[in-house]
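Report on one structure; see the data block that follows.
The values are calculated or read from the model by the stated rules, or taken from the named source; none is laboratory data. Model, not experiment: these values are computed from the prediction. Counting neighbours? That spans all protein chains shown, and the Cβs are built from the backbone with ideal geometry, glycine included.
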Amino acid sequence: MSRARTGTLIPPDKDGLWKARVTKTHADGSVSRPIYSLGTTDKAIARRKLAQLVAALAKARGGSPAGDAPIVTETVREYAEEWLERRKAQGVVAVADERRNLELHILPSIGHLPLGDVRSPHVRAVLEAVVIKPRQRPKRSGVPDQPATYSHQTIKHVRGVMHRLFDAAWRAEIIESNPVSRVRTPRVREIRKERIILTDAEFERFVGCAEVDLELRMASIVARCEGGMRTGDLLRWDWSMIDRAAFAECIVPRSKTGTPQALAIPPVLAPFLRAWWERAGCPASGAVFPARRGRNAGGFKRKNGYTFAARLRTALFRAGIRRLPPVEVPNTSPGTRTDLGRVAPGAKLAPNPSDPLYFETTVTRPVDFHSFRRAFNTALAEAGINVQTAMALAAHSDARTHMRYVMKTTVMRTIPEAVLPRLPGALLVESSGFRRLPMPSAEETEEFQRATQESNLRPTAPEAHATTHEIMGESGGFGQFRAACFALLRAAALGDDEGALAALERLREALMLDTVPHAVTLAAEVLDAEQAVRESA
């Protein structure tokens, strides 16, 4: 009778994980001794896992459908495929985004590792790689490509996918612990840019423009008025969800949460929605905003990847909605091979590259279709609607989400007058860089008339001479300086701006000062000192 196989433990190597070597008999009778990773740094746990491994191999030899290899040898990539398929069957909406994050950021780094071999340093390395990985922005008309890195939100999504993946493996008792639990999302310094939203005047002008596609205008009206519906909600909206008799209520298919919501149809929206229904032929069911081209024409648009953003910005420009003057660009059409030297005849108007409605700036991002939902939530906050009601109307599950809109209201942006100090009016005159001098007396008028006739006039009054030495020391050129002072005084009295600027330049040259405000200040001090001496005399 052959001895029962127990396997052999192999001490940890550089990775710190215990491994095991177990004799394995294959279906053709051949024997091998492969090495299995036990996925633990604890020797006691390694012994228990070795016993489970031996039992699994013995069961496999007995013809069990468990397969040739125990589950501890399954790689991250293999388990991820099974996990995604299960989530897709469960109807999880974010499966497509999870797959994209796995294939783009996670599997290239740890996909080849056995599931039990992944440790916290592996997870941390994946996240740190995303932090420094360059991301190429999509090309925009008139703006060169700008290298950028992934946002903090994207890094949080990558960590979230890994946490859900390994949490499922841990709950299934495949791995000892979740290695993602010990890893925090790396801190990334970034400017949190807000999306631009249309003002009510801009929105009214947009939906009233006959040159804009009617479907886009209707979808915008619904998104702005009916609970801030998302693009996914509009694509899943069915006529059977709407009260087609009185157009008083409807069901909003909240695609993000998967929970339909009953809402009243605002009176301002009801006539537009009724006209759109009659235009469609008064259907009892079917897509409210159906596909208009392709094999699915008349049915529902595709659920994933559809966006109104590009169409919206094109339509906004066509409706004449802009915040900066447009610019002229070559009149190229899609597909023009400018790289081959082909030049389109003439020019056309295009959005200004600095216009925040159409391009990203240092503090904002351009408008998109989700901006209508943001406008709805902002209007709720501006109207002072309480948090519970606002959360219910917008289908927010977290109060912090609504509080972000509250913090952007006009009240929260306005500094109360009670907290501000009273500032002296004289500071405004000094800050302007020009000091309005008082009207001259008869003696001063006669003096500066004589001074203008002799550019190198020397002071005759002993008081002024003493004041000059007190302020300027023993430096020369005082006559030129004093003449410029009186010239400035005369120009100020007569309201001669050109004469005042010329006098200021003469003051600057006489004093060798770098800035005109310095010359004005010193001239005023000299004249004030002379006036004080005359009054004391």
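Filtering the stretch 383-422 to residues that are charged (D, E, K, R), surrounded by 11 or more Cβ atoms within 10 Å (Cβ to Cβ) and free of Cβ contacts under 8 Å to residues at least 60 places away in the same chain leaves only R404.
Taking the condition outside the structural domain of Y150 (by TED's automatic domain parsing), of a type outside the set (D, E, K, R), at positive phi and modelled with pLDDT under 90, does G62 pass? Criteria not met by G62.
Against the conditions (1) surrounded by fewer than 22 Cβ atoms within 10 Å (Cβ to Cβ); (2) on the phi < 0 side of the Ramachandran plot, F247 satisfies every one except (2).
Out of T361, T338, T314, I need the residue that is outside the structural domain of A219 (by TED's automatic domain parsing) and at pLDDT below 95. Which one?
On the way: T361 fails: outside the structural domain of A219 (by TED's automatic domain parsing); T314 fails: outside the structural domain of A219 (by TED's automatic domain parsing).
The unique qualifying residue is T338.
Taking the stretch 305-323 as the range and being surrounded by 11 or more Cβ atoms within 10 Å (Cβ to Cβ) and either assigned to a loop (DSSP other than H, G, I, E, B) or of a type in the set (S, T, N, Q) (or both) as the test, the residues that pass are Y306, T307, F308, T314, A319, G320, I321, R322, R323.
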